[in-house]
1. Can you give the FRET efficiency for Asp111 and His12, using 1/(1 + (r/R0)^6), R0 = 25 Å, r = Cβ-Cβ distance, to the nearest 0.05?
2. Rounded to the nearest percent, how much of the accessible area of the stretch 1-81 (1.4 Å probe, protein heavy atoms only) is carbon and sulfur?
3. Can you grab the distance from the C-alpha centre of the stretch 194-231 to the C-alpha centre of the stretch 109-128, Å, no decimals?
4. Determine the sum of side-chain charges near Asn283: Lys and Arg each +1, Asp and Glu each -1, restricted to other residues whose C-beta is under 15 angstrom from that of Asn283.
5. Can you give the extra length, in nm with one decimal, that the chain gains between Ile201 and Val93 once fully stretched, where that is 0.36 nm per residue apart less the Cα-Cα distance?
6. Could you tell me which of the pairs Lys309/Lys343; Lys136/Lys280; Lys173/Lys312; Lys341/Lys364; Lys94/Lys136 are separated by over 31 angstrom between their Cα atoms in the structure shown?
7. Which residue, Leu73, Thr62, Val27, has the largest displacement toward the positive end of the dipole of the stretch 9-146 when charges sit on each Cβ (Lys, Arg +1; Asp, Glu -1)?
8. How large is the accessible surface per residue of the stretch 74-121, computed with a 1.4 Å probe and reported in Å² as a whole number?
Amino acid sequence: MSKIRFLGLDVHADTIAVAIADANGEVRRHGMIPNQLEAVRRLVKKLGAGFDLRACYEAGPTGYVLFWQLTTLGVACEVVAPALVPTKAGDRVKTDNRDAERLARAYRAGDLTPVWVPDAAHQALRDLVRAREDAKQDQTRARHRLSKFLLRHGQRPQIHTKAWTLLYMEWVKRKVHCDPPALEATLRDYVREVEHAAQRIQLLEKDLAAAIATSAPAIRAVVEALQALRGVAFLTAVTIVAELGILSRFAHPRQLMGYRGLVASEYSSGNRIQRGGITKTGNAHLRRVVVEAAWAYQRRPWVGGYLGKRQKGLDPEIIDLAWKAQHRLCGRYKRLAARGKNKPQIVTAVGRELLGFIWAIAVKVEARFKLPHTQAA
């Protein structure tokens, strides 16, 4: 029977620091290797002779490429949550080799928390969703630059019109003129950038719709089912699925709420109990779209318009869950408002409960496809 050997890897763009922890023995440094497939292959061949290798590294900007490489080479690998790696309060020396040793030691002791690793197709969908989000942020910046330019030079529309509508942009392009040529060139550049940002978003949303249409049946089914919820249209549903992956990996909705940082922080000791704001741990992209969706529940329960169209053809059980969500979350919003809570607090609390209904719908749909359960953290 092969002995188990634990590897701690501190991964960077160009290098990987490697530390070894045998089942019974001291943790020792192996040194640095290039972050290249051939170097990783040589490392596995050298250290794996007569041993069952188990490797881990922290999630970070290098993504999951190393995980996929090691898995292909037959090495059991886990990507761990950096915020949950045990650290010594008095340790003030940090190097790549020491970080690798710390990972190897904690991995052998079972003190690390692995994260869910998407496959290549799911990661591609996540990157596309985030590219669209980046494009929206760039559009906001471009609009701010143009609006502040107009404000600095006293340019305001003569008729009341909402900003960034077709009528508003026609006014900017046809009616706004600056006397010095330098200002006119600046205006043209700002206008072109706003139009380019809008075109970029349209193209990305078209690509996103095509990606979902050709994705796995389970992903399409969950995206369609989640749109039965009020406030959760196509882009929100796709973001939830792209960021969370398989929702049935959470045994209980409270795990999902804590996983996404929508539970209260706490610092209690002895008889003193002190709770603060939400922890904001986990995925900020998901937390943002869930809180945005929660604003829809300040209005009375109602089905019609786009929501009615999205619910057509869905399983009656899914529609019943969505209707139950409207009653429960709207009631929750009104009760908190009556207690004098401010709106951000109310919406955050409603968003936390909305995650429970998202979990319930996704689990019901995923059960039909018998998806594998994976680590929830």
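The values are calculated or read from the model by the stated rules, or taken from the named source; none is laboratory data. Everything numeric here is computed off the predicted structure, so don't read it as measured data. Here the Cβ positions follow ideal geometry from the backbone for every residue, glycine too, while neighbour counts run over all protein chains shown. Side chains included, ligands, DNA and RNA excluded: accessible areas come from the protein's heavy atoms. Shrake-Rupley method; radii C 1.70, N 1.55, O 1.52, S 1.80 Å.
1. Once rounded, the FRET efficiency stands at 0.65.
2. C and S fraction of accessible area: 53 percent.
3. 21
4. Neighbourhood net charge equals +4.
5. Taking Ile201 through Val93 to full extension adds about 34.4 nm, to one decimal.
6. Check vs 31 Å cut-off fails for Lys173/Lys312; Lys341/Lys364; Lys94/Lys136.
7. Final value for the positive-end residue is Thr62.
8. 56
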